[in-house]
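The values are calculated or read from the model by the stated rules, or taken from the named source; none is laboratory data. Small disclaimer: the values here were computed from a predicted structure and weren't measured. Positions of Cβ are backbone-derived with ideal geometry, glycine not excepted, and every protein chain shown enters the neighbour counts. Note: accessible area is taken over every heavy atom of the protein model, side chains too, but ligands, DNA and RNA are not part of it. Shrake-Rupley method; radii C 1.70, N 1.55, O 1.52, S 1.80 Å.
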Amino acid sequence: MRYHIGDLDQQKMRDLYVGMLKPRMIEEKMLILLRQGKISKWFSGIGQEAISVGVTQALKDEEYILPMHRNLGVFTSRNIPLHRLFSQWQGKQSGFTQGRDRSFHFGTQEYKIVGMISHLGPQLGVADGIALADLLGRKKRVTAVFTGEGATSEGDFHEALNIASVWNLPVLFCIENNGYGLSTPTNEQYNCEHLADRAKGYGMESRIIDGNNILEVFSKVDELCKAMRKRPRPMLLEFKTFRMRGHEEASGTKYVPDKLMNKWAKKDPIANYETFLLEENIISQEEVDKLKEEISEEINENLKMAFDEAPVSSNETKELSEVYHKFDYQHIESKEEVNNIRFVDAISQGLEQSMYRHNELIIMGQDIADYGGVFKITEGFTSKFGKSRVRNTPICESGIVSTAMGLSINGMKAVVEMQFADFVSSGFNPIVNYLAKVHYRWNEKADVVIRMPCGGGVGAGPFHSQTNEAWFTKTPGLKVVYPAFPADAKGLLNTAINDPNPVLFFEHKGLYRSVYGDVPKDYYTIPFGKANLLRTGNSITVVSYGAGIHWALEVLEKHPIIDADLVDLRTLQPLDMDTVYSSVKKTGKLIILQEDTLFGGIASDISAMVMEECFQYLDAPIKRVGSLETPVPFAKILEENYLPRQRFESELLNLHAY
Ligand SMILES: Cc1ncc(C[n+]2csc(CCOP(=O)(O)OP(=O)(O)O)c2C)c(N)n1
Ligand SMILES: [Mg+2]
């Protein structure tokens with residue numbers, strides 16, 4: 001291996017050596033502990049240390065770095081006390097996830113490290129968001145993110161690079177090409193010579209770097225970072241390296257040809273560099289021995305601390321209370337002056353007033369800038385807030401949701417407009433796995449609202465009509481809001497934007513231009529988790545939300561004989577069951593109407609909870625009404641039969657007569 005010293009001083013060269021030595025020695029210790037059954041899974045980065053260490057040392061402390069599962073050198077280079085890492089791996093309290101997630105699956109604002117989720121790819125989009133926040137704040141910083149060559153096959157890789165290029169974000173995309181993704185060799189993973197060649201397709205620069213040569217890694221990355229801080233732009237780096245151990249320790253390396261293993265063993269980044277430093281008299285053998293002794297002592301002392309720490313205890317109240325970030329709801333009362341406006345105008349107003357209120361709020365979505373969005377909710381916004389805050393995005397839901405996550409990590413707020421709620425399936429992974437779980441895992445907030453124009457009755461067929469709230473009410477960590485009236489829509493949207501938790505905000509398209517209401521002109525908020533009793537009666541409780549509320553109102557008006565409580569849930573998570581329970585205790589009968597197909601929807605859960613809580617008050621079986629168990633059909637006659645409007649009327653009459 002050839003080393004070019006360039007203008008590096010001797011101290012820096014020693015720092016790079018120590019930087020690599022530490023993760024190597026920790027790993028060697030871990031391999032022993034693994035064999036003794038004292039730690040669980042281990043993903044080895046042996047042989048790849050030069051990349052983690054070289055990149056991290058080229059960054060400034062205040063610059064974010066997003067490592068993967070083989071980047072122990074990132075964590076040690078940021079000088080995290082080792083006992084905290086060891087406690088993390090043992091699932092103990094002073095680890096970064098308090099036993100809630102394993103290995104390298106954590107982040108820490110203290111050390112500006114944002115760890116991975118298992119799904120690999122979303123990490124790249126998160127880096128985009130962090131870099132966007134820096135760029136908008138004129139911070140002149142670089143964000144570095146790692147990926148293996150295997151994960152470059154994920155759509156998230158493509159989306160993140162494309163976004164970074166279109167928006168000129170200072171992200172250093174670091175591919176560690178180590179020959180394998182689990183057992184899959186590179187020739188079964190991609191079909192181009194170098195992954196770096198892909199940069200051209202995205203319109204960005206790239207470099208190929210010898211990932212086993214620490215001086216090359218550090219010098220090149222250092223130079224590129226300096227250039228990117230001056231002139232922000234993304235950069236794709238392909239580090240050529242090799243995975244010297246199994247995917248994880250238990251899985252072995254049987255499928256790796258010996259020849260390959262032997263070839264790369266000769267390129268060991270630490271052994272070669274140590275020889276070089278000794279030969280050049282930059283370090284002496286005594287110093288090497290002493291360094292190893294010191295590191296070994298540090299490891300042993302810190303290991304003892306971690307082993308001495310008691311196992312985590314399980315406290316149900318604590319676990320449940322840390323799924324969501326604490327939100328101090330501030331009630332802002334609505335003033336008296338109102339305008340009679342449409343549902344769609346109320347949302348637009350709430351969004352606009354929130355933009356004035358929160359300078360750190362960014363809106364992202366397809367065609368939302370000058371075009372104003374397909375429903376014209378952000379029409380005129382660019383002239384008020386500029387295109388850097390009202391951002392047209394490429395068509396890449398997953399990448400943009402991840403970008404929103406990154407904005408939040410770096411101190412901003414984001415609203416993402418799904419063009420249609422149906423398309424959220426393309427951004428599903430980061431929502432349910434990243435945003436939803438990040439607070440529980442490592443105490444980080446996901447200050448993101450996802451606006452969901454949803455619902456049927458508009459003759460739009462299977463892919464522009466769904467009301468898919470059940471996909472999200474299932475997932476702890478998300479809040480789900482579903483207003484039925486303009487005034488609620490505005491107040492709840494304002495609250496959603498104030499709330500630092502991820503909120504799915506459902507807006508029924510059928511209500512957009514058909515429902516009017518008196519909406520207070522000024523800014524105000526409405527609390528989550530408070531249902532609205534729209535009508536009061538004594539004989540039946542009707543529970544619904546969204547368009548279902550309007551259908552229920554119609555039917556109840558048609559049948560004045562039915563003396564019903566009508567409960568508009570308004571938010572599905574949190575869910576105001578107290579209002580439902582007290583109504584059912586009064587009426588003794590419950591019918592729940594949801595627009596979505598019935599199976600697995602919120603109506604089923606409400607029904608089950610009422611059965612558990614109010615069994616002795618019930619005078620009739622609880623009735624659930626929903627759409628037919630089919631996709632949403634296009635033709636009017638089919639859709640009318642699909643939707644539960646008519647069935648609701650007959651079921652309500654049945655229940656009334658019971
Ligand atoms: C979405 C998803 N698919 C599959 C996996 C299982 N998996 C975890 S790591 C990995 C291999 C990754 O290979 P690469 O990106 O090259 O990184 P390396 O492990 O080589 O560092 C696989 C298949 C996963 N975690 N997430
Ligand atoms: Mg790999």
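Only helical runs count toward this figure. For the chain, summing -39,500 (n - 2.57) over DSSP H runs of n ≥ 4 and dividing by all residues gives -12000 deg cm²/dmol at 222 nm.
Find the accessible area per residue for segment 459-510; the probe is 1.4 Å, ligands and nucleic acids are left out, and the unit is Å². Could the numbers behind the result be given before it?
Details: 1060 Å² over 52 residues.
For segment 459-510, the solvent-accessible area averages 20 Å² per residue.
Here the accessible area is traced with a 1.4 Å probe on the protein chains. For segment 572-658, carbon and sulfur cover 56 percent of it. Rg then Dmax, both in Å and based on the Cα atoms of segment 239-351: 29.9, 83.
Here the dipole of segment 132-192 is about 540 debye; that uses its Cα centre as origin and unit charges on the Cβ of Lys and Arg (positive) and Asp and Glu (negative).
Annotation: the antiparallel percentage among DSSP beta bridges lying fully within the chain is about 20.
Across segment 128-228, the convex hull enclosing all Cα atoms gives 99 Å³ per residue. Over all directions, the projected convex hull of the C-alpha atoms in segment 9-121 averages 7.1 nm² in area.
Assuming a ≥ b ≥ c are the square roots of the Cα gyration tensor eigenvalues, decide whether segment 61-197 counts as rounded (a/c under 1.5), prolate (otherwise, with a/b larger than b/c) or oblate. It is oblate, given that a/c is not under 1.5 and a/b is not larger than b/c. Stick to Cα atoms and the Kirkwood definition of Rh, then tell me Rg/Rh for segment 276-332. Reported Rg/Rh (Cα atoms, Kirkwood Rh): 1.45. Dividing the C-alpha radius of gyration of segment 191-245 by 2.2 N^0.38 Å, with N its residue count, gives 1.23. For segment 104-177, GluC sites (Glu not before Pro) meeting the loop criterion (DSSP other than H, G, I, E, B) and having at most 14 other Cβ atoms within 10 Å: Glu110.
Separation of segment 133-170 and segment 246-266 by C-alpha centroid, Å? So the separation of the two Cα centres works out to 31 Å. Based on every Cα atom in segment 410-532, Rg and the maximum pairwise Cα distance Dmax equal 14.6, 44 Å.
Normalised Debye scattering of the chain at q = 0.10 Å⁻¹ gives log10 I(q)/I(0) of -0.94, counting only Cα atoms as equal scatterers and leaving out solvent.
Computed on segment 538-658, the Cα convex hull volume stands at 98 Å³ per residue.
Hey, could you grab the Kirkwood Rh for segment 332-487? Inverse mean 1/r over distinct alpha carbon pairs, Å, one decimal.
Working: mean 1/r = 0.0610 Å⁻¹.
The answer is 16.4 Å.
Below 8 Å between Cα atoms, with a sequence gap of 6+, how large is the relative contact order for segment 14-143 in percent? List each step's numbers first, then the result.
Values: 161 pairs, mean separation 27.6, N = 130.
21 percent.
The HN-Hα couplings worked out from phi for segment 398-403 by the Karplus form 6.51 cos²θ - 1.76 cosθ + 1.60 (θ = phi - 60°) are 5, x, 6, 4, 5, 4 Hz, whole numbers, x standing for Gly and Pro.
Checking every one of the trypsin sites (Lys or Arg not before Pro) in segment 261-344 against DSSP loop status and a limit of 10 other Cβ atoms within 10 Å picks out Lys266, Lys326. Just need log10 I(q)/I(0) for segment 382-433 at q = 0.28 Å⁻¹, Debye formula, equal scatterers on the alpha-carbon atoms, no solvent, rounded to two decimals. Here log10 of I(q) over I(0) equals -1.18.
Counting other Cβ atoms within 10 Å, keep those with at most 11, restrict to DSSP loop, and tell me which GluC sites (Glu not before Pro) in segment 177-266 are left.
Glu193
For the pair Gln11 and Glu613, label points projected 7 Å from Cα toward Cβ lie 6.5 nm apart.
Measuring with a 1.4 angstrom probe and ignoring ligands and nucleic acids, Met1 comes out at about 90 Å² accessible.
Indicate the gyration tensor shape class of segment 267-424 (rounded, prolate or oblate), computed on the Cα atoms with a ≥ b ≥ c the square roots of the eigenvalues: a/c under 1.5 is rounded; otherwise a/b larger than b/c is prolate and the rest oblate.
Values: a/c = 3.69, a/b = 2.06, b/c = 1.79.
It comes out prolate by the Cα gyration axes.
Between 0 and 90 degrees, the angle of helix 214-230 with respect to the longest Cα principal axis of the chain falls at about 50 degrees.
Projection of the Cα convex hull of segment 170-324, averaged over all directions and equal to a quarter of that hull's surface, yields 15.6 nm².
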